[in-house]
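K.L.:
What follows is a single structure, and I will ask about it in a moment.
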Amino acid sequence: MFAYILRRLWQMLPTMLGVVLLVFVLFNWVGGDPAYILAGKMSSAESIANIRRQLGVDQPYYVQLWIFIKQIVTFDFGQSWATGESVSHIITSRLGPSMMVLIPLTVLETFFGIALALAIAFVRGSLTDRAVMIACTVGMSISILVYIIVFQYGFAYKLGLFPVQGWGDSFWENLLRYSTLPILIGLAVSIAPTLRLFRTFVLDEANQDYVRTARAKGLSERRIMWVHVLRNAAIPIITYVMSNLPALLIGAFLLERFFGIPGIGREVILAVERSDFPVIKAITVYVAAATMLFNLLTDLMYQAVDPRVQLK
């Protein structure tokens, strides 16, 4: 196991280097000269030259690439061009609010997705099954903006159960007061595609030969579904959940923006609006690294779920 982990980490290095080179090329050749962006339209050649010298973009490209690699290794991307705040501090301070929404949302989405998928599998092919699939299709067709507006109007404005926007300093206040409505919206948006996907995973396993053998041995349908089918369907479910985690950090930017949550997704939008390249580069690299690490963790979880899986 330890040798497998070391081998996978070693294999990640070329991929990570490719990501670094791609980000470097995009921001240096496609993104334009940052000195002109920071100096503004009414700037002199002298001020632009001073900014280029301060940023280090007047150096040869191989020197700039080496500086970029050192920034990644040392977790120090300098300061934000827009606010002057340390980029590392921006990311660490914004990660907490994002995780406060992401972790409960992922747990609830996975739990309800599995429970409902197994329940639907019991009545597969029935009128209830078709009605639920139609409802999921309708739910997936509605924009997340509609969910946000309806939930804010109904639960926050009309009923006054939750604040429309805000974020505090207390962990429990943020979790129970400010994060609850965004989590409910995220669950309402994600449960339909999750249920359809998990239902497919469950039904694929329910049609296997080992299930027919278990029925022939007289095992109850409940035991077959919850023990045998769920155990084998857990592998694609784990893949889906783990692969979505890094993307959710960025994908929740609408919830963070509309509810004033100071998370990673909201910070990305602000950085793009301000052309704050250090923040964008840092988040891009860290999300790529997180994706590779989550893929490794997924493979390790495979063996925990099914010891017959051989890691190579």
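The values are calculated or read from the model by the stated rules, or taken from the named source; none is laboratory data. Keep in mind it's a predicted model, so treat the numbers as computed, not measured. Glycine gets a Cβ as well: all are built from the backbone with ideal geometry, and neighbour counts include every protein chain shown. For the accessible areas, the whole protein counts, side chains as well, though only heavy atoms, and no ligand, DNA or RNA atoms are used. Shrake-Rupley method; radii C 1.70, N 1.55, O 1.52, S 1.80 Å.
K.L.:
Does Gln152 count as more than 19 Å from Gly113 (Cβ to Cβ) and open to solvent by 80 Å² or more (accessible area, probe 1.4 Å)?
P.N.:
Against the criterion (more than 19 Å from Gly113 (Cβ to Cβ) and open to solvent by 80 Å² or more (accessible area, probe 1.4 Å)), Gln152 does not qualify.
K.L.:
Further, regarding this structure: Under 8 Å between Cβ atoms, which residue pairs at least 6 apart in sequence (or on different chains) link something in the stretch 32-60 that is open to solvent by less than 80 Å² (accessible area, probe 1.4 Å) with a partner that is modelled with pLDDT of 65 or more and among the basic types (Lys, Arg)?
P.N.:
Hits for this filter: Asp33/Arg52; Ala35/Arg52; Asp58/Arg52.
Listed here are the residues, each with its yes/no results for (1) open to solvent by 60 Å² or more (accessible area, probe 1.4 Å); (2) under 23 Å from the mean Cα position of the chain (by Cα).
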{"site": "Ser93", "(1), (2)": "no, yes"}
{"site": "Phe112", "(1), (2)": "yes, yes"}
{"site": "Leu118", "(1), (2)": "no, no"}
{"site": "Ile148", "(1), (2)": "no, yes"}
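K.L.:
Further question on the same structure: Out of (1) within 29 Å of Gly263 (Cβ to Cβ); (2) open to solvent by 80 Å² or more (accessible area, probe 1.4 Å); (3) modelled with pLDDT under 85; (4) not hydrophobic (A, V, I, L, M, F, W, C), what's the single condition that is false for Gly84?
P.N.:
Condition not satisfied by Gly84: (2).
K.L.:
Of all residues in the stretch 197-227, count the ones that are at negative phi, surrounded by fewer than 13 Cβ atoms within 10 Å (Cβ to Cβ) and part of a loop (DSSP other than H, G, I, E, B).
P.N.:
Qualifying residue count for the region: 3.
K.L.:
Name every residue in the stretch 140-173 that is among the acidic types (Asp, Glu) and in a helix (DSSP H, G or I), in order of residue number.
P.N.:
Result: Glu173, single match.
K.L.:
Right, something else. Of everything in the stretch 198-221, what is closer than 23 Å to Glu109 by Cα and without any contact (Cβ under 8 Å) to a residue 40 or more places away in the chain? Give them in sequence order.
P.N.:
Thr200, Asp204, Glu205
K.L.:
Could you check Val132 against (1) part of a helix (DSSP H, G or I); (2) touching a residue at least 40 places away in the same chain (Cβ under 8 Å); (3) open to solvent by 70 Å² or more (accessible area, probe 1.4 Å) and say which number it fails?
P.N.:
In the conditions (1) part of a helix (DSSP H, G or I); (2) touching a residue at least 40 places away in the same chain (Cβ under 8 Å); (3) open to solvent by 70 Å² or more (accessible area, probe 1.4 Å), Val132 misses (3) alone.
K.L.:
Based on this model, can you work out whether Ile185 counts as under 28 Å from the mean Cα position of the chain (by Cα), crowded, with 17+ Cβ neighbours inside 10 Å and assigned to a helix (DSSP H, G or I)?
P.N.:
Taking the combined requirement at face value, the residue satisfies it.
K.L.:
Being of a type in the set (A, V, I, L, M, F, W, C) and more than 33 Å from the chain's Cα centre (by Cα) is the filter here, so list the residues in the stretch 48-62 that pass it.
P.N.:
If the condition is that a residue be of a type in the set (A, V, I, L, M, F, W, C) and more than 33 Å from the chain's Cα centre (by Cα), then Ile48, Ala49, Ile51 are the ones that fit.
K.L.:
Take the stretch 242-256 and flag every residue that is in a helix (DSSP H, G or I) and at pLDDT below 85.
P.N.:
Scanning the stretch 242-256 gives Met242, Ser243, Asn244, Leu245, Pro246, Ala247, Leu248, Leu249, Ile250, Gly251, Phe253, Leu254.
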